[in-house]
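The values are calculated or read from the model by the stated rules, or taken from the named source; none is laboratory data. Since this is a predicted model, take the numbers as computed values, not measurements. Reconstructed Cβ throughout: ideal geometry from the backbone, glycine too, with neighbour counts over all protein chains shown. With ligands, DNA and RNA removed, areas are computed over all heavy atoms of the protein, side chains included. Shrake-Rupley method; radii C 1.70, N 1.55, O 1.52, S 1.80 Å.
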Protein chains: 2
Amino acid sequence: MNNLNDTKRALIEKIGIFHEGIGLQPATGRVLGLLYVSDRPELTFDEIRETLGISKSAASNAINLLLHLNRLEYITYAGDRKRYFRLKLSRWRETLIEEIDKVTEFSATLQEVLLHRTKDTPGYNKSIDELAGFLNYLHSQIPALLQKWEQSKSA
Amino acid sequence: MNNLNDTKRALIEKIGIFHEGIGLQPATGRVLGLLYVSDRPELTFDEIRETLGISKSAASNAINLLLHLNRLEYITYAGDRKRYFRLKLSRWRETLIEEIDKVTEFSATLQEVLLHRTKDTPGYNKSIDELAGFLNYLHSQIPALLQKWEQSKSA
DNA sequence: CTGTTGGTTCAAAATTTACAGAACTAAAAT
DNA sequence: ATTTTAGTTCTGTAAATTTTGAACCAACAG
């Protein structure tokens, strides 16, 4: 049914490993990978299960987690009980911001650290303060970066 | 020797968990946490081991990994065989760039995906191309962001 | 009302990870 | 020369994670 060549299989693994790196489990990462490379971007539960060679429960868990994370949505067709799952790719901005926020939220912890650090290590404290400060700045600049990027494209 | 109050212990755990999130193991994250909160910023192998209550092997592995990742350095004193480990905090810019690069490197995979995707799904492909494009743009803009942040500070 | 489809949920098995403990080593101290 | 220090490396294992398979369920179809 979903016949994938070796290149695409390898890409699925690569995409899978990347997403493992950001905290998803292997099977979940592969579901994302499959949907990225599949020529038909809407796949059923069973197509996903079968193409990836995973169990129903693994497929169910992965799909539901991804739905929860807003990475996936599904469409239905009248007279067809199956759901057709696809990536919510148009939401990439929000997804990316959420990912970057994981890092920038560390800033709050650093500021807490500063409140409890001795004042006897000014150079050290200054570095922590700088890092925290830049993380906040980075966070604040993402919308502007997105805007500037859009502009640079239309130019 | 290294007497830490509950607040600092909690901060160590928080810093540890954050670093677990970016791929380090718990004990390794806690070593970073300890060095962030410790009033004495240079600690010996045994002080780290004892304060965190971890085994020599766990301490050895964590410290060597962090040295490898350039997150730690050590100093020595004549007539003292111990090494004194400390955070390479002044390197936070490089560390952060490396962390952001983990995300932006995904762009290359996306471009590979595009090479192998059918042309029959233009909207879908466009989203992938946009995401890849913005990741590249983000990567390219980090140095400028650092510069602008420095300027905004001195103002 | 009975069977089938499209899943979900649960318990157990398999795999992976993280760590401890003990044995070891190189350099320095006695 | 032998003991101590400051770690390293290896092996075993406990715990956590991930996955499977089987039982289950709700909705619809015949």
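Within segment B:52-86, which residues are over 18 Å from B:Gly23 (Cβ atoms) and touching a Ser or Thr at 6+ places or on another chain (Cβ under 8 Å)? Walk me through how you get there before you give the answer.
Looking only at segment B:52-86, we keep the residues that are over 18 Å from B:Gly23 (Cβ atoms), and these are B:52-57, B:59-60, B:73-86.
Answer for segment B:52-86, where residues must be over 18 Å from B:Gly23 (Cβ atoms) and touching a Ser or Thr at 6+ places or on another chain (Cβ under 8 Å): B:Lys82, B:Arg83, B:Tyr84, B:Phe85.
Each row is one residue, and each column tells you yes or no for (1) away from chain B (no Cβ under 14 Å); (2) among the small types (Gly, Ala, Ser); (3) not in a helix (DSSP H, G or I).
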| residue | (1), (2), (3) |
| --- | --- |
| A:Arg49 | yes, no, no |
| A:Ile54 | yes, no, yes |
| A:Asn64 | yes, no, no |
| A:Ile75 | no, no, yes |
| A:Arg81 | yes, no, yes |
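What residue, of A:Ala132, A:Ala62, is within 16 Å of DNA strand D (Cβ to nearest atom) and either open to solvent by less than 60 Å² (accessible area, probe 1.4 Å) or within 14 Å of the chain's Cα centre (by Cα) (or both)? Steps first, please.
Details: A:Ala132 fails: within 16 Å of DNA strand D (Cβ to nearest atom).
It is A:Ala62.
Residues checked against (1) within 12 Å of DNA strand D (Cβ to nearest atom); (2) over 23 Å from B:Thr104 (Cβ atoms); (3) assigned by TED's automatic domain parsing to the domain that holds A:Thr76:
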{"position": "A:Leu11", "(1), (2), (3)": "no, no, yes"}
{"position": "A:Glu20", "(1), (2), (3)": "yes, no, yes"}
{"position": "A:Gly29", "(1), (2), (3)": "yes, no, yes"}
{"position": "A:Ser38", "(1), (2), (3)": "no, yes, yes"}
{"position": "A:Thr44", "(1), (2), (3)": "no, yes, yes"}
{"position": "A:Thr51", "(1), (2), (3)": "no, yes, yes"}
{"position": "A:Ser55", "(1), (2), (3)": "yes, yes, yes"}
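So B:Asn2 clears everything in (1) in a loop (DSSP other than H, G, I, E, B); (2) under 12 Å from the mean Cα position of the chain (by Cα); (3) within 14 Å of chain A (Cβ to nearest Cβ) except one condition, right? Which one?
(2)
Could you run through segment B:10-32 and say how many residues are more than 8 Å from chain A (Cβ to nearest Cβ), within 12 Å of DNA strand C (Cβ to nearest atom) and not in a loop (DSSP other than H, G, I, E, B)?
Summing the residues that are more than 8 Å from chain A (Cβ to nearest Cβ), within 12 Å of DNA strand C (Cβ to nearest atom) and not in a loop (DSSP other than H, G, I, E, B) in segment B:10-32 gives 11.
Give me a count of the residues in segment A:1-23 that are open to solvent by 60 Å² or more (accessible area, probe 1.4 Å) and in contact (Cβ under 8 Å) with a residue 12 or more places away in the chain.
Residues meeting the conditions: 4.
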